[in-house]
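Okay, so here's the structure we're looking at.
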Amino acid sequence: MGVTDSRVDAVCNIKHGRYIVVEEGSNPSSDFFVKPLLKRLAVDFTCYQQSDAPNISDIENSILVFVRYIPSKWKMFVDSYRHRLAGLVIFIDDDLFDIKVLASLSWGYCSKWYRFAYRHQSWLKQKKADLWVSTPYLFDKYRDWCAAGCHLTLIDPVSPYGEDDADLSLSLPIIFYHGSPSHRAEIDWLLPVFESVLQTHPQVTIELIGDDKLRRRCLKFPQIRVLHPMSWLSYQRMLKESKRLIGLAPLLDTKVNAARAPTKYFDITAAGAVGVYSDSHVYRQLVTHKVNGLLVEMDQEAWVAAITSLIDDAQQRRALLAEVERS
């Protein structure tokens, strides 16, 4: 048993066989990480929804992969049939196993992460579940997982959008930040940035995803539109149907953000946009400053300057997009 960094050679170390992926509907965790890895392994895999009822006759001798969460019916299934499975895996792309991280979240997120992930750690180790993680931060933090006789593997993200989806059209002055409810602090941090940008560039549209509370907060800015949260498949379709100018990926220095993966880079490039990214270890993995995006410290004035410079400088935008297309 041991530690595997997928950037070295996960294909040689991860078990080969038939895989069963248990996921919560179509979701970015599967599409950025789990499915690309299994496709690279060239193994047969079948996706089940968490609500599906497992049947051992369909799953026997397969390797069962839980994407983030462990539903109760599937846990009971493993309790009964672990000896008839070829393997067991839990994949996490957030720090689901640290109670301090959970405590920093909203009640809804904290409750979900606790019920479907955090409280199952001992059970997973008892059942000899391998751990797949999405970031070097999680990889280093959970090295002791191997002490339980299991494998730890780091998986790099892969864009689920396809090579032909990028459109370099720059005609729509849309600036977007598509953060989930777990990014509420980043939205709060960005609102003063948006206000400053709109004072000098009132022609742009700013696009967010949020609830009615956020929509009410933004009513005084007619240039800010707040989209209703949507499914992962609807989000992918929406990104590709209309292109955007600048995508934002701020990250405040919090426990939950320490474990983030740089997947917003793929969202931004799929939208045909150039990106302004937090200058953190998360985005330095993929972004080189002023080559394929801008890395900016988490200072609001610096972000205003970076965003407005991109609005005003079409040549810089084209150069950044051209490099993204080449990479």
Study note, to complete from the structure: Counting only residues that are closer than 21 Å to Phe139 by Cβ and aliphatic (A, V, I, L, M), region 278-297 contains a total of 3
Point to revise | Subset tally (residues that are under 17 Å from Gly17 (Cα atoms) and of a type outside the set (Lys, Arg)) for region 66-90 | key: 8
Check your understanding: Inside region 189-204, can you point out the residues that are at pLDDT below 95 and in contact with a Lys or Arg (Cβ under 9 Å, 6 or more places away or on another chain)?
Key -> none
Exercise for review: Could you name every one of the helices (runs of 4 or more DSSP H) located completely within region 123-239 that has at least 2 residues being in the same structural domain as Ser280 (by TED's automatic domain parsing)?
Suggested key: 184-200, 212-217
Review point. Residues of region 34-71 being in contact with a Lys or Arg (Cβ under 9 Å, 6 or more places away or on another chain), surrounded by fewer than 18 Cβ atoms within 10 Å (Cβ to Cβ) and among the hydroxyl-bearing types (Ser, Thr, Tyr), which ones?
Key: Thr46, Ser51
Check your understanding: What are the residues in region 227-251 that are in contact with a helix residue (DSSP H, G or I) (Cβ under 6 Å, 6 or more places away or on another chain) and within 20 Å of Pro28 (Cβ to Cβ), if any?
Key -> Trp232, Leu239, Gly247, Ala249, Pro250, Leu251
Exercise for review: Identify all residues within region 268-282 that are surrounded by fewer than 23 Cβ atoms within 10 Å (Cβ to Cβ) and not in a loop (DSSP other than H, G, I, E, B); write none if there are none.
Suggested key: Ala270, His281
Point to revise | Asp188 vs. criteria among the acidic types (Asp, Glu) and farther than 30 Å from Arg317 by Cβ | key: no
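One line per residue, one yes/no per condition, for (1) farther than 13 Å from Leu251 by Cβ; (2) in contact (Cβ under 8 Å) with a residue 40 or more places away in the chain:
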site: Asp267; (1), (2): yes, yes
site: Val274; (1), (2): yes, yes
site: Arg284; (1), (2): no, no
site: Gly293; (1), (2): yes, no
site: Val296; (1), (2): no, no
site: Gln300; (1), (2): yes, yes
site: Trp303; (1), (2): no, yes
site: Thr308; (1), (2): yes, yes
site: Gln315; (1), (2): yes, no
Point to revise | Hits in region 80-113 - residues which are surrounded by fewer than 17 Cβ atoms within 10 Å (Cβ to Cβ) and at pLDDT 95 or above | key: Ser80, Tyr81, Arg82, His83, Arg84, Ala86
**Study point:** Where Thr288 falls short, out of the listed (1) surrounded by fewer than 21 Cβ atoms within 10 Å (Cβ to Cβ); (2) of a type in the set (Ser, Thr, Tyr); (3) touching a residue at least 24 places away in the same chain (Cβ under 8 Å)
**Key:** (3)
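The values are calculated or read from the model by the stated rules, or taken from the named source; none is laboratory data. Computed from a predicted model, the values in this text were never measured in an experiment. Please note: Cβ atoms are built from the backbone with ideal geometry, for glycine as well, and neighbour counts cover all protein chains shown.
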